[in-house]
Amino acid sequence: MIDADIPDKNLGESHLKCQFGGLDLELEVPAGVWNPTPNGILLGETLEQMDFSGERILELGTGCGVHAVVLGLRGAAEMVLTEVDASILGHAERNLKKYGIHCPVDLIVADWIQVPQKGFDTIVANPPFALSNKVYRRYFIDTLILEAHKLLNPGGRLIFIHSTMGDVPRTIELLEECSFNVKILADKDFPFRDYYFEDEVYLKEMAAVPGGYTVRDGIRYERLVAFEATLPKA
Ligand SMILES: C[S@@+](CC[C@H](N)C(=O)[O-])C[C@H]1O[C@@H](n2cnc3c(N)ncnc32)[C@H](O)[C@@H]1O
């Protein structure tokens with residue numbers, strides 16, 4: 001287990017049923033493993049529509065492995081999946097087995113982008129944000145963007161998701177400063193989750209993010225945005 005501040009919310013046991021295009025998935029999410037949220041679901045729907053044939057893929061913070069299952073079913077040739085604790089990886093491994101993912105999969109405990117392997121075609125992530133337990137909220141987004149070039153092949157790409165509350169213009173600017181070509185793969189509005197309202201500091205911070213959320217009929221909505229950011233080929 002790595003020395004990380006892991007939130008105690010959104011970690012209850014659940015049985016996840018989701019439909020991503022033509023894929024119907026039912027996954028076990030035991031206690032202590034992150035329950036996929038609308039971010040994870042939109043990222044899953046997005047990945048389902050893509051082709052990963054022959055690719056070597058890294059997923060940071062795989063949780064129950066929902067995205068790794070989709071990546072495997074969409075042709076991944078090899079995957080490295082990370083988490084903060086080996087027991088979480090064991091659950092992800094069970095879900096991969098359930099869906100017959102047979103490509104080589106390396107499950108490793110690693111602190112976010114500090115991964116010993118390199119040479120990836122794609123890095124996938126749903127970075128912690130609302131419950132990141134970091135004073136600097138964008139910590140996991142910014143370190144992903146700043147460090148990814150060390151792990152990616154030339155022409156390699158990042159596929160990740162965060163909401164307007166994570167400051168989408170800032171993400172695009174930082175990606176472009178780091179020579180990535182940026183594309184928005186999907187975006188969708190979602191109402192605030194209950195646990196947002198349990199954290200006054202978070203609500204106050206989010207109210208200060210320009211364009212962070214909209215209010216309609218008294219309900220606050222954030223917009224989830226899935227990014228694809230590709231490095232130049234040489
Ligand atoms: C927002 S959840 C996403 C989980 C899963 N990919 C999904 O979308 O359902 C973020 C995940 O990152 C993991 N995590 C948190 N801190 C981490 C760190 N320092 N290194 C690696 N993973 C971390 C958490 O345990 C959690 O599973």
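Of note:
- Scanning region 115-128 for residues that are open to solvent by 30 Å² or more (accessible area, probe 1.4 Å) and either under 16 Å from the mean Cα position of the chain (by Cα) or hydrophobic (A, V, I, L, M, F, W, C) (or both) gives Asn126, Pro128.
- Every test in (1) more than 28 Å from Ser179 (Cα to Cα); (2) open to solvent by less than 80 Å² (accessible area, probe 1.4 Å) is passed by Arg216 save one, and that test is (2).
- Test for Phe180: is it under 17 Å from the mean Cα position of the chain (by Cα) and aromatic (Phe, Trp, Tyr): no
- Residue within region 74-83 that is over 15 Å from the mean Cα position of the chain (by Cα), farther than 24 Å from Leu144 by Cβ and more than 15 Å from the ligand (Cβ to nearest atom) present: no
- Filtered residue count, region 47-82, keeping only those that are surrounded by fewer than 21 Cβ atoms within 10 Å (Cβ to Cβ) and assigned to a helix (DSSP H, G or I): 2
- Per the conditions (1) within 28 Å of Asn153 (Cα to Cα); (2) in contact with a helix residue (DSSP H, G or I) (Cβ under 8 Å, 6 or more places away or on another chain); (3) not in a loop (DSSP other than H, G, I, E, B), the sole criterion not satisfied by Ile101 is (3).
- Any hit, region 96-118, residues being among the hydrophobic types (A, V, I, L, M, F, W, C) and touching a His at 6+ places or on another chain (Cβ under 8 Å): no
- Residue match in region 30-46 (condition: part of a strand (DSSP E or B) and either at pLDDT below 80 or under 18 Å from Asn126 (Cβ atoms) (or both)): no
- Residue check for Asn95: over 29 Å from Leu175 (Cα atoms), within 12 Å of the ligand (Cβ to nearest atom) and open to solvent by less than 40 Å² (accessible area, probe 1.4 Å): yes
- Some residue of region 11-20 being open to solvent by less than 60 Å² (accessible area, probe 1.4 Å), over 20 Å from Ala110 (Cα atoms) and more than 14 Å from the ligand (Cβ to nearest atom): no
- Hey, Val66 among the aliphatic types (A, V, I, L, M) and near the ligand (Cβ under 9 Å from one of its atoms) or not: yes
- Which numbered condition Gly119 misses (of (1) near the ligand (Cβ under 9 Å from one of its atoms); (2) at pLDDT 95 or above): (1)
- Given (1) away from the ligand (no atom under 14 Å from the Cβ); (2) open to solvent by 50 Å² or more (accessible area, probe 1.4 Å); (3) touching an Asp or Glu at 6+ places or on another chain (Cβ under 7 Å), number of the condition Leu174 does not satisfy: (2)
- Scanning region 129-160 for residues that are on the phi > 0 side of the Ramachandran plot and either away from the ligand (no atom under 13 Å from the Cβ) or surrounded by 23 or more Cβ atoms within 10 Å (Cβ to Cβ) (or both) returns a single hit, Gly155.
The values are calculated or read from the model by the stated rules, or taken from the named source; none is laboratory data. As the structure is a computational prediction, the values presented were derived from the model and not from experiment. Counting neighbours? That spans all protein chains shown, and the Cβs are built from the backbone with ideal geometry, glycine included. Accessible surface areas use protein heavy atoms only, side chains included; no ligands, DNA or RNA. Shrake-Rupley method; radii C 1.70, N 1.55, O 1.52, S 1.80 Å.
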